[in-house]
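Read the figures in this text as sums done on the coordinates, not as results from a lab. Source: prediction; values computed, not measured. Heads up, the Cβs are rebuilt from the backbone with ideal geometry, glycines too, and the neighbour counts pull from every protein chain shown.
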Amino acid sequence: MKEKKVSAEASALERVVSAAREVQAVSQRLEAHYTQAADEQPSTLELARFAAAMQELKDARDAFDVG
């Protein structure tokens, strides 16, 4: 039983790490966009990707905290 909990905890932590990396990657793309075209808004798709990445990070952290 202890192995299963450790495995679930490791899996939840892996999800948090993966989500954090995705947020970082999307953030870097947005930062590059603003560096190259500061006067232009990013596309709706870029903003949606950022929002989705942030939501996944929140969900992953919540799941980790519960587990």
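Remark: relative contact order (segment 9-60) = 54 percent; criterion is Cα-Cα distance under 8 angstrom and separation of 6 or more residues. Scaling the Cα radius of gyration of the chain by the globular reference 2.2 N^0.38 Å produces a ratio of 1.45. If each DSSP helix of 4+ residues adds -39,500 (n - 2.57) and the sum is divided by the residues in the chain, what number results at 222 nm, nearest 500 deg cm²/dmol? Taking each H run of at least 4 residues, the total per residue is -31000 deg cm²/dmol. Rounded to the nearest 20 debye, the dipole magnitude of segment 2-66 is 340 debye, with +1 charges on Lys and Arg beta carbons, -1 on Asp and Glu beta carbons, and the Cα centre as origin. Of the residues Ser7, Ala25, Gln55, the one whose Cα sits farthest toward the positive end of the charge dipole of the chain, with +1 on the Cβ of Lys and Arg and -1 on the Cβ of Asp and Glu, is Ser7.
The distance between label points at Ala63 and Gln28 comes to 2.4 nm (points 7 Å beyond Cα on the Cα→Cβ vector).
Comparing Ala32, Ala51, Ala12 in a Gaussian network model of the chain, where Cα atoms under 10 Å apart are tied by springs, the biggest mean-square fluctuation is seen for Ala32.
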